[in-house]
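Only one structure is covered here, and it is reproduced in the block below.
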Amino acid sequence: MMLYRLLLAAIWLVVIPVLADEISPVVKEKAAICMACHGIDGNSSNPKYPSLAGQKSTYLYLQLKDFMQGRRSDPEMSTMAATITDKAEALELAKYFSSLPAFQRDTRAPDAFQPAADKISVGKALYEKTICAMCHGDAFTGMGDVPRVKGQQPLYVMKQLKDFRDGKRTNDGGSMKGALGPLTDEEIESLMHFIAAQ
């Protein structure tokens, strides 16, 4: 399965020559490896992995740097980040993925996540209470070094929210833990449904 995804990623890099020609051969090869998990166009179809396409380049760069320097940890990503030779390469990767078009998840697909109306309603109230828009923007499109959450894989979003709340992810200076406060798992799930509905 991994070999199949790598082959698809390599094919994708061939069919986007304008973007691919703007990056070095080394970074092009590394981008293909990234796409094996994050989607052949940078738009993830796997609930476990986030989309990188259209994400804020500053945010992507900071996350790569944090993985490289051990401030953020993940069994798969920490291993992959160790192959990035320097900050310039990380910045080139970040700019490349940021330049790819972000696609809205197709909620019509048979296996697509479907936000529940009752959870959306509760999530909206939590969104207003926790002031999500102050950093992520009204439409969850992010700004500066704050990520775009709109269109992300819902289960990935929920995991990150729980990790921030539980102190398992701390590379944001404590902002998210402070914002999420004592939200329960059920409340975080409702917040995720609201985000997924945007």
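Only the coordinates and a few stated rules stand behind these numbers; no lab work does. Remember, predicted model here, so these are calculated numbers, not experimental data. As a convention, Cβ positions derive from the backbone with ideal geometry for all residues, glycine included, and neighbour counts pool all protein chains shown.
I'd like the orientation of helix 154-165 relative to the chain: the angle between its Cα long axis and the longest Cα principal axis, in ° from 0 to 90, rounded to 10. On a 0 to 90 degree scale, this one is about 70.
If R0 is taken as 25 Å, the Cβ-Cβ distance between residue 95 and residue 69 corresponds to a FRET efficiency of 0.80. Computed from phi, the 3J(HN,Hα) profile of region 189-195 under the Karplus parametrisation 6.51, -1.76, 1.60 (θ = phi - 60°) reads 4, 5, 4, 4, 4, 5, 4 Hz, with x in place of Gly and Pro. With a Förster radius of 25 Å applied to the C-beta separation of residue 186 and residue 117, the computed FRET efficiency comes to 0.95.
Residue 76 to residue 124: extension gain in nm, 0.36 nm per residue of separation minus the Cα-Cα distance?
14.0 nm
Enter the angle in degrees (range 0 to 90, nearest 10) between the Cα long axis of helix 87-99 and the first principal axis of the Cα atoms of the chain, meaning the one along which they spread out most. Once rounded, one gets 70 degrees.
Karplus-based coupling profile of region 135-146, in residue order and whole Hz: 9, 8, x, 4, 9, 6, 8, x, 6, x, 9, 9, with θ = phi - 60° in 6.51 cos²θ - 1.76 cosθ + 1.60 and x standing for Gly or Pro. Calculated mean residue ellipticity at 222 nm for the chain: -16500 deg cm²/dmol, from DSSP H runs with n ≥ 4 weighted as -39500 (n - 2.57), summed, divided by the residue count and rounded to 500. Here, region 77-144 yields an orientationally averaged convex hull projection of 7.4 nm² when only Cα atoms define the hull. Kirkwood hydrodynamic radius of the chain, from the reciprocal of the average inverse Cα-Cα distance over all distinct pairs: 17.4 Å. Excluding residue 119 itself, calculate the net charge of residues whose Cβ lies under 14 Å from the Cβ of residue 119, where each Lys or Arg counts +1 and each Asp or Glu counts -1. Counting the neighbours of residue 119, the net charge comes to -4. Extension gain for residue 163-residue 48 works out to 40.0 nm (0.36 nm per residue, less the C-alpha to C-alpha distance). Ranking 36, 91, 134 by how far each Cα lies toward the positive end of the dipole of the chain (charges on Cβ) leaves 134 at the top. Can you give me the angle between helix 25-38 and the longest principal axis of the chain, using Cα atoms only, in degrees from 0 to 90, rounded to the nearest 10? Orientation of helix 25-38: about 40 degrees from the principal axis. Computed over neighbours whose Cβ is under 13 Å from that of residue 173, the net charge equals +1, Lys and Arg +1, Asp and Glu -1.
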